[in-house]
Amino acid sequence: MNIVSKFVIPVLAAFLMAAMPLASHAAPEDDQYDVPYVPTPMKTVARMLEMAKVKPSDILYDLGSGDGRIVISAVRDFGAQRASGIDINPIRIRESNENARKAGVTDKIKFFEANIFEYDFSEATVLSMYLLTEVNLKLRPRILQILKPGTRIVSHDFDMGEWEPDEAATMDGFRHVYLWIVPAQIDGTWEVTAGSTKYPIVLEQFFQRVSGNVQLGGQTHPFRTGRLDGVNVIFEARAQDGTRDVPAIYRANAVGPGALEGMIEIGGKKIPFKARRTGPSPSIK
């Protein structure tokens, strides 16, 4: 080895090691879920928070919060009630706390050095992420289990697989922002009470998509459309109005576990209804 190689190669190796991004998030005991630290551009941060409609009553959690920019912007620029960041890297936590101090928002912000797969973020009304799709998929069951229906989730660039976003946007031709709204769990067999009439309906749920049927007058009427928006559900079946076959549009709120309340619109008439879950949903395919 000549004298140039003797000194240049170690310096070059040290430079390359210093330039490598630090892993900010890791699944427990599983290196394949490490996510490199890549800051989200501030323009994209703003779009994420706009899409999530962050407001003064919101509590935001950012999973893999990096230097804290999403958490800080949620409070400083969008007036969130409070916000928290979770990151496994202590360097990022120290950096985030310093950035929050400089922004003057430390009274409404906290950063936690923790594993995102173990930390309790169930109080969030908005959840933000810039992870990888495989990490999102690993988080998805927990998100659906612990977050309240209506919670908004925004992700930079990476989706949730077969859980389709409720809204998506593209920025600068290559950056993507996705929004999901956590749906209420309404899958099952229900008994509808509308005035003095009672009849069963079947609801089958695939995330925010709803299919099923209404069983009325000895006939089964499959849904033509069906969708959930948090706790709000709408679906359309067919019904008889005198001798006419007309659309029956059901709009309801999931007012509690196993309880729906809403309105049926049939031929221009609106009929209040309530429904209670009576059992699991059979296959309707």
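What follows is calculated from the coordinates using simple rules that are stated; it is not laboratory data. Computed from a predicted model, the values in this text were never measured in an experiment. Cβ coordinates were reconstructed from backbone atoms using ideal geometry, including for glycine residues, and neighbour counts include every protein chain displayed.
Measure off 7 Å from each Cα along the Cα-to-Cβ vector at residue 215 and residue 145, then give the distance between these two points in nanometres to one decimal.
3.2 nm
Compute the helix-to-body angle for 133-146: its Cα long axis versus the longest principal axis of the chain, expressed 0 to 90° and rounded to tens.
Taking the Cα atoms of the chain, the angle to 133-146 is about 50 degrees.
Tell me, 214, 38 in order of fewest to most beta-carbon neighbours within 10 Å? The partial results should precede the final answer.
Details: 214 24, 38 12.
Ordered by Cβ neighbours within 10 Å, fewest first: 38, 214.
Rounded to the nearest 500 deg cm²/dmol, what is the calculated helix-only ellipticity per residue at 222 nm for the chain, with -39500 (n - 2.57) per DSSP H run of length n ≥ 4?
-7000 deg cm²/dmol
Determine which lysines satisfy two conditions relative to residue 108: a Cα distance under 17 Å, and not lying fewer than 8 residues away in the same chain.
55
Relative to the first principal axis of the alpha-carbon coordinates of the chain, what is the inclination of helix 90-103, with its axis defined by its Cα atoms, in degrees from 0 to 90 and to the nearest 10?
80 degrees
Give, in nm to one decimal, the length gained when the segment between residue 276 and residue 225 is fully stretched (0.36 nm per residue of separation minus the Cα-Cα distance).
Details: separation 51, 0.36 × 51 = 18.36 nm, distance 2.09 nm.
Once the chain is fully extended between residue 276 and residue 225, it gains 16.3 nm.
Between residue 123 and residue 251, what length in nm is gained on full extension when 0.36 nm per residue of separation is reduced by their alpha carbon distance?
Taking residue 123 through residue 251 to full extension adds about 43.3 nm, to one decimal.
Measuring from label point to label point, each 7 Å out along Cα→Cβ, what is the residue 265 to residue 76 span in nm?
According to this spin-label approximation, the distance is 4.5 nm.
Per 0.36 nm of contour for each residue apart, how much would the distance between residue 172 and residue 189 grow if the chain were fully extended, relative to their Cα-Cα spacing?
Details: separation 17, 0.36 × 17 = 6.12 nm, distance 4.59 nm.
Gain in length upon complete extension: 1.5 nm.
Highest GNM mean-square fluctuation, the chain, Cα pairs closer than 10 Å: which of 83, 239, 124?
239
Positive end of the charge dipole of segment 74-166 (Lys, Arg +1 and Asp, Glu -1 on Cβ, about the Cα centre): tell me which of 145, 122, 109 has its Cα farthest that way.
The one lying farthest along the dipole's positive direction is 109.
Using only the alpha-carbon atoms, how far is helix 42-51 inclined from the longest principal axis of the chain? Give it as 0 to 90 degrees, nearest 10.
Between the helix axis and the principal axis of the chain, the angle is about 20 degrees.
Compute the projected area of the convex hull of the Cα atoms of the chain, averaged over all viewing directions, and report it in nm² to one decimal place.
Over every viewing direction, the Cα hull of the chain projects on average to 21.2 nm².
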